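Participant: Have a look at this one.
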Amino acid sequence: MTAASAEIIVVFRTTHETLTAEKGLKGARIRTRTMVKPRSISSECALALSFNEEDRERVRGLCEEKGWLPVGYYSLSEDGSWTALEED
C-alpha cells in the first residue's frame with residue numbers, strides 16, 4: 001500500500017471464504033493482503049483482506065461475479081476507527 005492511496009478492507013463471514021477470495025483476487029492481479037480483522041468490526045471470521053482504494057470497484061465486481069458474499073467493506077477514518085462503506 002502506498003501512502004497516497006487509502007486502505008480498504010473487506011470482511012467475509014468465514015476464514016474459508018476469506019482465503020478463497022484472497023486467492024481469486026491475487027489471481028486477478030489485485031494487490032491484497034490478509035490481516036487480522038479489527039475487533040470493532042463484527043464477524044465470526046478473524047481475518048480481513050486489505051487492498052488499495054483504487055481497486056474497490058474491481059474487488060466488488062469480482063466478488064459479485066464469483067458469488068463471494070462480503071459482510072462489508074470498511075475504510076480507516078482519520079481518528080483510527082474503521083467505518084463501514086455504503087454499498088449499492
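Participant: Sort through Ala28, Ala21 and tell me the only one that's at pLDDT 95 or above and within 12 Å of the chain's Cα centre (by Cα).
Facilitator: Working: Ala28 fails: within 12 Å of the chain's Cα centre (by Cα).
Answer to the check: Ala21.
Participant: Taking Leu49, is it within 24 Å of Ser81 (Cα to Cα), at pLDDT 95 or above and in contact with a Phe, Trp or Tyr (Cβ under 9 Å, 6 or more places away or on another chain)? Outline the logic, then answer.
Facilitator: Details: within 24 Å of Ser81 (Cα to Cα): yes; at pLDDT 95 or above: yes; in contact with a Phe, Trp or Tyr (Cβ under 9 Å, 6 or more places away or on another chain): yes.
Spelling it out, Leu49 is indeed within 24 Å of Ser81 (Cα to Cα), at pLDDT 95 or above and in contact with a Phe, Trp or Tyr (Cβ under 9 Å, 6 or more places away or on another chain).
Participant: Search the stretch 12-40 for residues that are within 17 Å of Asn52 (Cα to Cα) and in contact (Cβ under 8 Å) with a residue 12 or more places away in the chain and pair each with any residue that is of a type in the set (Asp, Glu) and surrounded by 15 or more Cβ atoms within 10 Å (Cβ to Cβ) when their beta-carbon atoms are under 7 Å apart and the residues are at least 6 apart or on different chains.
Facilitator: So the pair list comes out as Ile30/Asp55; Thr32/Glu22; Thr34/Glu22.
Participant: Suppose we filter Pro70, Pro38 for residues that are of a type outside the set (Asp, Glu) and either at pLDDT 95 or above or surrounded by 17 or more Cβ atoms within 10 Å (Cβ to Cβ) (or both); which single one remains? Give the derivation first.
Facilitator: Values: Pro38 fails: either at pLDDT 95 or above or surrounded by 17 or more Cβ atoms within 10 Å (Cβ to Cβ) (or both).
It is Pro70.
The values are calculated or read from the model by the stated rules, or taken from the named source; none is laboratory data. From a predicted model like this one, the values you see are computed outputs, not experimental measurements. With ideal geometry, Cβ positions are generated from the backbone for all residues, glycine too; neighbour counts draw on all protein chains shown.
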